[in-house]
Every structure is written in C-alpha cells, then in structure tokens.
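Since the structure comes first, as structure tokens, the remarks are kept for the end.
No lab work stands behind these numbers, since they all come straight from the coordinates. Just so we're clear, the structure is a prediction, and the values are computed from it rather than from any experiment.
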Amino acid sequence: MSRLASIKWAPLALCVIGATFVNADTWSSLDNAKGAPVKSVAQAPANSNASQGLSPAASQMLFSEIEILKQEVQYLRSTVEQQGNELNKLKAEQKQRYLDLDRRMSQLSQDKTALISQPVISQGDGQADYDAAFSLMKQRQLDEAAIKFKEFLQTYPKSELAVNGYYWLGQIYYNQGNLEEARKAFTIVVNQYPEHQKTPDSTYKLGVVLHRLGDTVQAKTLLQAVVKQNSESASARFAAKYLKDNFK
C-alpha cells in the first residue's frame with residue numbers, strides 16, 4: 001500500500017510545485033509593476049536602466065530558484081516512473097503467483113486417490129525446492145537464491161516450473177552484473193519456451209543484456225521483436241523506451 005500511495009501523491013506534488021512556481025512568478029511581476037515609478041518618455045534619462053530588466057544579482061537569484069524547481073520536478077517525475085515500474089513488477093508477480101496457485105489446485109483436484117496413495121507426488125515437480133529458492137530471492141539473498149535455483153533446475157529439468165527458474169536465475173545474474181550468465185538464462189527461456197508468458201519479458205531483458213555486452217545488432221532485433229509481437233504488454237513499452245534512449 002505504501003508504494004501505491006507514493007505513486008498516487010507524486011503527480012499531485014508535481015502540480016503543487018508547478019503552481020508555486022507560476023504564482024511566485026506572477027506575484028513577483030505584479031509587485032515590480034506596482035512599485036515602479038511611472039515616468040514619461042520625456043522624463044526618462046537617455047541612459048535609463050529600465051530597459052535592462054532585473055539587476056544581475058536578482059537575475060542570478062531567479063535563475064537559481066528556477067533551476068532548483070526544475071531539479072525537484074525532474075526528481076518527482078523520476079520517482080513516479082520508478083514506482084510505476086515497481087507497481088508493474090508487483091502486478092506481474094501477483095499474477096504469476098495466482099497462476100501457480102491455480103495450477104496446484106487443479107493438480108490436487110484431478111486425482112485425489114493418487115494423492116492419497118502417493119503423497120510425495122508434488123515433490124516430483126520440485127515445488128518445494130522452487131519455493132525455497134524464490135523465498136531467498138525475495139529476501140535479497142541473491143547468491144543463495146542463485147545456488148538453489150540451479151540445484152532445482154538440475155534436479156527437476158522437466159518441471160513445469162523450470163522456465164520460471166531460468167527466468168529468475170537470469171534476473172538474479174542481471175542484478176548482480178553477471179551479464180554473461182544472465183544472457184545464458186534468458187536465452188534458454190526465449191529459445192526453449194517461446195510461447196510461455198515470461199518469454200516477452202525475457203526477450204526484452206536479453207536485448208538489454210546483449211546491448212550492454214556490445215552486440216547492438218542482435219539487441220536491437222530482439223527489442224524490436226518485443227515491440228512488434230507484444231505491443232500491448234509492459235515489456236513492449238520498456239523495449240520501446242530502451243530503443244528510443246539507446247538507438248538513434
């Protein structure tokens with residue numbers, strides 16, 4: 001709720017800062033106009049400073065205040081964008097958890113007799129090992145989480161959760177700056193699971209990784225593919241922004 005609240009009030013803060021700037025400028029102009037003596041053209045000396053505007057000191061002060069306001073607006077915009085991205089990630093994670101829960105419930109209802117006679121059947125999918133690795137990742141224990149995900153993938157290579165394991169393994173390596181290992185993990189998702197729901201995001205992140213590794217041609221191809229094939233997704237928006245910022 002705290003993240004959502006921050007996102008909700010951040011745009012309001014932008015509006016308040018903007019309004020403050022406009023009001024300050026307006027009243028400053030009115031005060032200057034009010035206090036300035038009225039002179040006729042004939043009375044004004046030839047070398048009058050009236051046409052020169054504010055003094056250098058006042059101009060410098062006004063410029064500094066404007067720059068400070070600009071920086072504050074840029075900071076708030078950056079905060080809104082960052083929190084928006086975090087909200088999208090949270091929504092994606094919640095959706096994935098719902099799908100995982102739905103799948104598990106479906107498995108439980110398919111064959112109650114088999115579950116009674118073979119109580120360890122759920123372990124065949126590696127769910128417990130996957131959950132343990134995922135829990136470590138949520139706790140920011142990335143080194144331990146990477147080890148657990150690798151063990152899970154080695155033990156349960158045919159598990160339905162394997163694609164999730166490769167995706168999160170790639171994300172962990174990317175966060176740690178291990179771009180080569182991140183490339184390997186995301187490549188497996190893209191090549192071996194082309195229809196999976198995590199494939200668009202994996203393709204986008206693989207494009208970013210390749211760009212950072214220096215393979216700009218392949219990176220641009222992957223990013224453009226995400227935009228074209230998944231135009232309504234968050235991954236497509238991220239890919240489009242990355243293309244705009246990094247490929248002129």
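Observations
- In a fully extended conformation the segment linking Phe247 and Lys150 would gain 31.5 nm over its present Cα-Cα distance, using 0.36 nm per residue.
- Segment 158-248 - percent relative contact order, Cα under 8 Å, separation 6 or more: 19
- Cα-based reach from Lys89 at 14 Å (exclusive), listing aspartates and glutamates while leaving out same-chain residues under 8 positions away: Glu81, Asp201
- The string of couplings for segment 204-216 from the Karplus curve (6.51, -1.76, 1.60, θ = phi - 60°) is 4, 5, 5, x, 5, 4, 4, 4, 6, 7, x, 8, 5 Hz, one whole number per residue in order, with x for Gly and Pro.
- Reachable aspartates and glutamates, given that their alpha-carbon falls under 14 Å from the alpha-carbon of Lys150 and they are not under 8 places away in the same chain: Asp129, Asp131, Glu181
- Each residue of segment 135-146 is assigned a 3J(HN,Hα), and the resulting list reads 5, 4, 5, 5, 7, 6, 8, 5, 4, 5, 5, 4 Hz, derived from the Karplus form 6.51 cos²θ - 1.76 cosθ + 1.60 (θ = phi - 60°), x at Gly and Pro.
- Ellipsoid equivalent to segment 123-246 - semi-axes via the Cα gyration tensor, in Å: 26, 15, 12
- Legend: distances between Cα atoms for Lys138/Lys248; Lys148/Lys244; Lys198/Lys228; Lys91/Lys138; Lys148/Lys184; Lys91/Lys220; pairs beyond 25 Å are Lys138/Lys248; Lys148/Lys244; Lys91/Lys220.
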